[in-house]
Amino acid sequence: MPRPDRRRVLAGLGAAILTPHVARAATIRDGAGREIAIPAKVERVFPAGPPAAIQLYTLAPELLLGWPRANRPEELEFLLPGIGNRPEVGRITGRGNSANLEAVLQWKPDLIVDAGSTGRTYVELAERVQGQTGIPYALLDGRFAAIPDSYRILGRLTGRSERAETLAGWCENAMATIRGRIAGIPAEKRPSVYYARGPRGLETGLGGSINVETLSFLGARNVADQPGSGLAQVSLEQVLAWNPEVIVTIDLAFSDAVRSDPAWADVRAVKAGRVHLSPKLPFGWVDFPPSVNRMIGLWWLAKLLYPEAFPEDIRPLARDFHTLFYQVTPSEAQLDRVLSGRN
């Protein structure tokens with residue numbers, strides 16, 4: 001997750017009016033280990049960024065004040081009416097942060113939630129915002145393996161522990177099942193993978209990036225396993241030198257172009273027809289953003305990388321995931337659109 005623009009976020013602090021002190025029922029430690037007071041009443045929650053918005057929507061959609069970015073028509077089709085089209089409220093952290101504290105206070109939230117990095121920069125931001133506004137600000141660990149625990153923390157904060165346990169349990173069962181099946185796959189049968197982003201396919205996630213966590217979970221060899229984290233621009237010459245066996249992309253233009261582009265023709269993945277376009281409705285299955293939407297993507301990637309170990313049909317898995325997490329059951333035609341990635 002990119003570093004937040006703290007000057008912009010805190011620009012409204014001087015003018016912000018402190019909210020009345022809210023009675024607290026209990027406390028809980030958030031994903032950063034901070035002691036957070038649980039509000040006696042939670043009816044309005046402000047998501048600091050897209051990963052938090054998605055996780056909150058899947059747990060308690062009625063509490064979501066709005067979205068960091070307004071959802072597009074093709075995305076709204078897969079979200080609850082009246083919730084998916086809630087207004088754009090901006091974001092406190094991440095790329096394009098656009099909500100200063102004055103704007104946040106206008107929404108009168110009972111709780112602010114961020115999901116992603118729990119590093120010092122984000123802790124300092126959370127402490128400053130919470131101290132100036134009196135609104136509890138919880139940090140959820142956005143790492144893939146931490147999703148179940150993040151659900152439980154969010155469940156306690158919002159009074160939704162029972163549903164949080166259901167969602168956390170689904171995630172834990174999926175991870176345990178998949179981890180068990182890949183445990184016996186020898187190293188030589190674990191493919192090298194390049195994650196291609198952007199219309200030219202030359203942006204990728206480095207080895208320590210949250211964007212490629214599911215590939216790492218599956219034991220795939222990320223060819224961009226270089227020091228550092230986050231997204232990076234690479235050259236075509238570098239990709240040719242890596243010569244990956246599989247390419248996974250989220251960009252339709254690149255997916256269509258790479259198959260007939262002579263510059264990519266010698267790459268093993270292109271020769272073997274192993275260029276895969278990730279589904280992304282209503283949210284991406286690999287990252288974009290890196291939230292709980294990656295859980296169904298884990299099954300999809302597992303089937304691509306190790307088809308013999310994962311014979312399940314992805315359609316019922318996707319339908320069940322949509323029904324449980326997004327609370328909308330897609331039709332067969334809608335599933336076709338989701339799985340095609342062409343939207």
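The values are calculated or read from the model by the stated rules, or taken from the named source; none is laboratory data. These numbers come from a predicted model, not from an experiment. We place every Cβ from the backbone using ideal geometry, glycine too, and count neighbours over all the protein chains shown. These area figures cover heavy atoms from the full protein model, side chains too; ligands, DNA and RNA do not enter into them. Shrake-Rupley method; radii C 1.70, N 1.55, O 1.52, S 1.80 Å.
Place a point 7 Å from the Cα of Arg342 along the Cα-to-Cβ direction; which residues of the range 268-311 have their backbone N under 13 Å from it?
Of the residues in the range 268-311, 277 have backbone N under 13 Å from the label point off Arg342.
Taking the alpha carbon gyration tensor of the range 260-321, what are the square roots of 5 times its eigenvalues, largest first, to the nearest whole Å?
25, 16, 9
Using the beta-carbon distance between Asn85 and Ala176 and R0 = 45 Å, what value does 1/(1 + (r/R0)^6) give for FRET efficiency, to the nearest 0.05? The partial results should precede the final answer.
Working: r = 36 Å, r/R0 = 0.80.
Efficiency computed from Cβ-Cβ geometry: 0.80.
Could you order Glu213, Glu308 by accessible surface area, starting with the largest, using a probe radius of 1.4 Å?
On the way: Glu213 40, Glu308 180 Å².
Ranked list, largest accessible area first: Glu308, Glu213.
One-quarter of the Cα convex hull surface for the range 297-343, in nm²?
If you wrap the Cα atoms of the range 297-343 in a convex hull and average its projections, you get 3.4 nm².
Based on the Kirkwood radius over alpha-carbon pairs, what is the Stokes-Einstein translational diffusion coefficient of the range 50-155 at 37 °C with 0.692 mPa s viscosity, in µm²/s? Mind dumping the intermediate values first?
Details: Rh = 14.4 Å.
For the chosen part, D equals 229 µm²/s.
Using a 1.4 Å probe on the protein heavy atoms only, what accessible surface does Ile92 show? Give it in Å² to the nearest 10.
It works out to around 0 Å².
So what does the Cα-only Debye profile of the chain read at q = 0.07 Å⁻¹, as log10 I(q)/I(0), no solvent term?
The calculated log intensity ratios at q = 0.07 Å⁻¹ are -0.30.
Gain in length, Trp107 to Gln238, computed as 0.36 nm per residue apart minus the alpha-carbon separation, to one decimal in nm?
Numbers: separation 131, 0.36 × 131 = 47.16 nm, distance 4.71 nm.
That pair, Trp107 and Gln238, stretches by 42.5 nm at full extension.
In the full protein assembly as shown, how much of Asp141 is accessible to a 1.4 Å probe, in Å² to the nearest 10?
Ignoring ligands and nucleic acids, Asp141 comes out at about 20 Å².
Would you kindly calculate the mean projected area, averaged across all directions, of the convex hull enclosing the Cα atoms of the range 210-343, in square nanometres?
8.5
Which distance in Å, rounded to a whole number, links the C-alpha centroids of the range 168-232 and the range 287-310?
9
Could you rank Arg197, Arg221 by how accessible they are, 1.4 Å probe, largest area first?
I get Arg221, Arg197, largest accessible area first.
Please give the per residue accessible area of the range 51-96, computed with a probe of 1.4 Å over protein heavy atoms only, in Å².
Using a 1.4 Å probe on heavy atoms only, each residue of the range 51-96 averages 35 Å².
Quote the accessible area belonging to Lys41 in square angstrom, nearest 10, computed with a 1.4 Å probe and with ligands, DNA and RNA left uncounted.
The accessible area comes out at roughly 110 Å².
Bin all alpha-carbon pair distances of the range 174-266 at 10 Å intervals from 0 and give each bin's fraction as a whole percent.
Using 10 Å bins, I get a P(r) of 16, 47, 29, 8, 0 for the range 174-266.
Would you please report the Å³ per residue occupied by the convex hull of the alpha carbon atoms in the range 108-229? Don't skip to the answer; put the middle values down first.
Values: hull volume 17.6 nm³, N = 122.
Normalising the Cα hull of the range 108-229 by residue number yields 144 Å³.
Which helices, taking whole DSSP H runs in the chain, have alpha carbons extending 27 angstrom or more along the helix axis plus mean Kyte-Doolittle at least -0.5?
The qualifying helices are 161-182.
Return the Cα extents of the range 216-270 along principal axes one, two and three, sorted largest first, each rounded to a whole Å.
Over the range 216-270, Cα extents along the principal axes are 31, 21, 19 Å.
Lys280: which lysines have alpha carbons under 18 Å from its alpha carbon, excluding same-chain residues fewer than 8 sequence positions away?
Lys303
Cut-off under 13 Å on the C-alpha distance; same-chain residues fewer than 8 positions from Lys189 excluded. Which aspartates and glutamates are left, in chain and number order?
Partners found: Glu245, Glu308.
Mean 1/r over all different Cα pairs, inverted: what Kirkwood radius does the range 137-292 give, in Å?
Numbers: mean 1/r = 0.0589 Å⁻¹.
That comes to 17.0 Å for the range 137-292.
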